[in-house]
Amino acid sequence: MRRKIVPAAVAVLLFMATPVLAQVEAEFSGYIVDLPMYQRFDESLLSRLSALAPRPGGYDEGMAVNLTRLRLRPTLRLWEGASVSLEHEVDLLFSSGNMPFGRPVERSNRQAATLRWQPIEEDNVSLQHYVDRLYFRQNFIWGSVIAGRQRIQWGTGRIWNPTDLFNPINPASFDQLEKEGADAISAKLYLGSFTDVQAVVNFRSARGQREGAPAAPDSTNYGIRFRTNYLEFDVSAIGGWFDRRVVFGGDFAGNLFEAGVRGEAVYFTEGEDMPNSDYLRLVIGADYQFTPEFYGLIEYLYSGEGNTDPGDYAGDLPRLFRGDILHLNTKYLYAGGTYLLHPLVNATAGLLQNIGDGSGFVSLAANWSSSENTALTAGLLLPYGDNGDEYWYYPMSLYLKGEWHF
């Protein structure tokens, strides 16, 4: 729940400096999330890791983990339509054993500046804090301009977002609440009702990308998105230069009879000094409110960048664990639903299937919204697959998540 504060002293000083800033206001909000969990890895996976990357004390097959996230969101409103926003997060992680795959601590490949610090990095405890959003926004009658680390959200998919070229979230990452910000300047121009065009310049640097990432030339991404409504469907087209490739595509969302339908497609051309050939990413999905209590969803993903043979996964595993890519194969299917058990309690279940290698995971969760600002979720992520399949690398996770928003 937002709290609006008008700091009198600051307002007076700013008023004395210039009458334009006389209406300065401050808003403050945020949340704290505590996520205790138990994770268990496949024994054969840990044996392989012990041979490839031995650690003192080895790897524990099962371990208790606790992740606490504090996110602070101050906003300063300067004058009409103008604001400066900051979102700063502090993460404290405990584990009872050696984690097979460490958490990334460097900037994402959509960021140019390192605004992440890790004052504590021990075997079983780490503390990091980072600036995830920091931007100036100016709204106009004709549109808006945003400069700084910001969230740029493209796409219509529920599970996957191929046209979201600014760090989409892996569907298996139940611990990540926010998509990472991108260092960019974006401008949106309103062309009419439900019609606009957005242009983005995304600054990034090869130096200091996620830990272990191969060096690459510094590069700036450029993108443009045109969005409108046609025959009661929201449609858009995108194009630009991303990761040293020419990229173009689009998305749609609307209703077919009483069901919601949506899709996204993006084509990556063979890029400058890039090893992969041209490829397509495609998502198509549908959802339906079967009863007032039951909602269902299905979504299909095709990615031409992926591998068809699990034996070829090894080269892409570091990229997967860094978050540079979200999947290893080419074809995936998700089916899930939500059932309202009580006005304050709902249960969700989902199955994500890697069609290529037969692995996948089942996710189960129950959420209790105990008040307007608090929620409690109990969940289970149960992966399955043969030795070397994609989801064989993921741990079974049993978790409890408590949230308090202020």
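Scan region 306-336 residue by residue and report those that are surrounded by fewer than 17 Cβ atoms within 10 Å (Cβ to Cβ), charged (D, E, K, R) and part of a loop (DSSP other than H, G, I, E, B).
Across region 306-336, the qualifying residue is only ASP309.
What pairs can you find where one residue is in region 147-161 and under 12 Å from PHE252 (Cα atoms), the other is β-branched (Val, Ile, Thr), and their Cβ atoms are less than 6 Å apart, with a gap of 6+ or different chains?
What qualifies is TRP154/THR163; GLY155/THR163; GLY157/VAL283.
GLY356 is checked against (1) surrounded by fewer than 16 Cβ atoms within 10 Å (Cβ to Cβ); (2) at pLDDT below 95 and fails just one. What number does that condition carry?
Status for GLY356: all satisfied but (1).
For the condition in contact with a Pro (Cβ under 8 Å, 6 or more places away or on another chain), surrounded by 15 or more Cβ atoms within 10 Å (Cβ to Cβ) and farther than 22 Å from ASN161 by Cα, what is the one hit in TYR399, TYR384, TYR339, TYR394? Outline the logic, then answer.
Numbers: TYR384 fails: in contact with a Pro (Cβ under 8 Å, 6 or more places away or on another chain); TYR339 fails: in contact with a Pro (Cβ under 8 Å, 6 or more places away or on another chain); TYR394 fails: farther than 22 Å from ASN161 by Cα.
Result of the check over TYR399, TYR384, TYR339, TYR394: TYR399.
Evaluate the following for GLY271: is it at pLDDT below 95 and out of contact with any His (no Cβ under 7 Å at 6 or more places or on another chain)? Break it down stepwise before answering.
On the way: at pLDDT below 95: yes; out of contact with any His (no Cβ under 7 Å at 6 or more places or on another chain): yes.
When the stated conditions are applied, GLY271 passes them.
Pairs needed: first member in region 234-255, within 13 Å of VAL266 (Cβ to Cβ); second member anywhere, polar (S, T, N, Q) and in a strand (DSSP E or B); C-beta distance under 6 Å; at least 6 residues apart or different chains.
PHE242/ASN221; GLY250/SER236; ASP251/SER236
So, in region 173-193, exactly how many residues are in a loop (DSSP other than H, G, I, E, B), among the small types (Gly, Ala, Ser) and surrounded by fewer than 17 Cβ atoms within 10 Å (Cβ to Cβ)?
2
Being farther than 19 Å from MET37 by Cβ and assigned to a helix (DSSP H, G or I), is that true of even one residue in region 341-351?
no
In region 125-161, how many residues are under 12 Å from GLY81 (Cβ atoms) and assigned to a loop (DSSP other than H, G, I, E, B)?
Number of matching residues: 3.
Taking the stated definitions as given, is ASN387 in contact with a strand residue (DSSP E or B) (Cβ under 8 Å, 6 or more places away or on another chain) and among the polar types (S, T, N, Q)?
Judged against the criteria, ASN387 is not a match.
The values are calculated or read from the model by the stated rules, or taken from the named source; none is laboratory data. Since we're looking at a predicted model, the values are computed, not measured. Methodologically, a virtual Cβ is constructed for each residue, glycine included, from the backbone with ideal geometry; neighbour enumeration extends over all protein chains shown.
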